[in-house]
Amino acid sequence: ENTDQGVYYLTVQDAINAAEIGDVIQVTGDHNVKDIVVNKGLKIAAGAGGAHFNGLGLRGGTGITVNTTEVVEFDGVTFENYDIAIDFVAFGSASITNCTFINNVAAVNNQTTTMIAAEGNYWGHASGPLHTTTNPGGQGSQVSDGVLYDPWLGAPAGARPRQYRRTDPAVFSGRRLG
């Protein structure tokens, strides 16, 4: 759905093609897609229930290629099973927030000299994304140079670890405490 135009589209690419600069494309549900091209400044955001782009069965492909001189934003989207989830060929500025990258060879590839703001994302593992020099111990999807990924989320955006309170009944070693 293009929230600025109030119009629904059958495919993500159709929504991008019809968008005007600065529009918000709200995506919901699962999409088995690759080779989407963003050629104008816009925001792709997850709608109610989330947005999941999956390249499963499409290996060898790129999820989204960004090629514009304008501002591009991604918010709350999950990218899974791509060789490159998002490939930035050109952009004015870019931000990626609250996104989840799972089982991608590369999550974000920056082919420019402009930095990409990508803090606050889950890269597929609590150790963060793999970056050959700045985070060689990262076990998540890889990021290239020019991607500002620190700090990152230790679990998918929106997921919260179980919280316990003193008043919660809990079982430890067969005894009920609380």
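To the nearest whole percent, what portion of all C-alpha pairs in the stretch 85-126 is separated by more than 17 angstrom?
The proportion of pairs with Cα distances above 17 Å equals 30 percent.
Could you pull the accessible area for Glu20 with a 1.4 Å probe, rounded to 10 Å²?
Accessible surface of Glu20 is approximately 120 Å².
Using only the alpha carbon atoms of the stretch 1-113, find the Kirkwood hydrodynamic radius as the inverse mean reciprocal pair distance, in angstroms to one decimal. Kindly include the intermediate steps, with their values, before the conclusion.
Numbers: mean 1/r = 0.0730 Å⁻¹.
That comes to 13.7 Å for the stretch 1-113.
Please list the non-local residues whose amide H lies under 5 Å from the amide H of Thr68, H modeled 1.01 Å from N, same-chain partners needing a gap of 5 or more.
Ala90, Phe91
Suppose R0 equals 30 Å; then what is the FRET efficiency for Ala126 and Leu56 from their Cβ-Cβ distance, rounded to the nearest 0.05?
The pair Ala126/Leu56 has a calculated efficiency of 0.85.
Note the full-extension length gain between Val24 and Gln139 as 0.36 nm times their separation in residues minus their Cα-Cα distance, in nm to one decimal.
Here the segment from Val24 to Gln139 would lengthen by 38.2 nm.
Between beta-carbons, use under 14 Å as the cut-off and find the net charge around Ala117, counting Lys and Arg +1, Asp and Glu -1.
Numbers: positive: Lys43; negative: Glu73, Asp75, Glu119, Asp150.
Neighbour charge sum, excluding Ala117 itself: -3.
Which cross-chain or sequence-distant (5 or more) residues have an amide H under 5 Å from the amide H of Ile116, H modelled 1.01 Å from N in plane?
Under 5 Å from the amide H of Ile116 lie the amide H atoms of Val147, Leu148, each far enough along the sequence or on another chain.
Can you give the FRET efficiency for Ala48 and Asp150, using 1/(1 + (r/R0)^6), R0 = 45 Å, r = Cβ-Cβ distance, to the nearest 0.05?
0.90
Output wanted: per-residue J couplings in Hz (rounded whole) for the stretch 38-43, from phi through Karplus 6.51 cos²θ - 1.76 cosθ + 1.60, θ = phi - 60°, x for Gly and Pro.
9, 10, 7, x, 6, 10
Would you mind checking the radius of gyration and Dmax of the stretch 107-149 based on alpha-carbon positions, in Å?
9.5, 28
The values are calculated or read from the model by the stated rules, or taken from the named source; none is laboratory data. As the structure is a prediction and not an experimental result, all values here were calculated from the model. Every residue, glycine among them, receives a Cβ derived from its backbone with ideal geometry; neighbour counts consider all protein chains shown. Heads up: the accessible areas ignore ligands, DNA and RNA and are worked out on the full protein's heavy atoms, side chains in. Shrake-Rupley method; radii C 1.70, N 1.55, O 1.52, S 1.80 Å.
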